[in-house]
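S.K.: Here it is: the structure, laid out below.
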Amino acid sequence: MKNKKIQKSRKSRKKGQFFFDVISLNNKGQIVIPAKVRKEMNLKNKSRLLLLSNKKEAIVLIKVKAFAERIKKLEKLTKKIKLT
């Protein structure tokens, strides 16, 4: 029953919304990013991703370039409002 709900949510997903899926680790500790996500995010072989974790419950992957751009924007904002 749960698999049907997951499949339905994938089909009804609109562009720009979050993607939810259940994935598993293989025996080498690797995961596979679903093809739809790789295509939508333009991830190719050797794409660089930053892994963020709270050590217990969550793992987040973000493109290194996108993360660096966000950091630059935050630096500009902190300078603008004189936090640094």
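S.K.: Looking only at region 25-38, which residues are farther than 20 Å from residue 60 by Cβ and surrounded by 10 or more Cβ atoms within 10 Å (Cβ to Cβ)?
M.R.: If the condition is that a residue be farther than 20 Å from residue 60 by Cβ and surrounded by 10 or more Cβ atoms within 10 Å (Cβ to Cβ), then no residue fits.
S.K.: I'd like to verify a number: residues in region 54-70 that are over 24 Å from residue 17 (Cβ atoms) and surrounded by 10 or more Cβ atoms within 10 Å (Cβ to Cβ), how many?
M.R.: Within region 54-70, the subset over 24 Å from residue 17 (Cβ atoms) is 55-56, 68.
Those left that are additionally surrounded by 10 or more Cβ atoms within 10 Å (Cβ to Cβ): 68.
Residues in region 54-70 being over 24 Å from residue 17 (Cβ atoms) and surrounded by 10 or more Cβ atoms within 10 Å (Cβ to Cβ): 1 in total.
S.K.: Restricting the first residue to region 36-59 and requiring it to be among the β-branched types (Val, Ile, Thr), which pairs with a second residue that is part of a loop (DSSP other than H, G, I, E, B) meet a Cβ separation below 8 Å and a spacing of at least six or different chains?
M.R.: Going by the 8 Å Cβ cut-off, the qualifying pairs are 37/19; 37/21; 37/43.
Read-outs: derived from the displayed coordinates by stated rules, not from any lab. Source: prediction; values computed, not measured. Backbone-built Cβ (ideal geometry, glycine too); neighbour counts: all protein chains shown.
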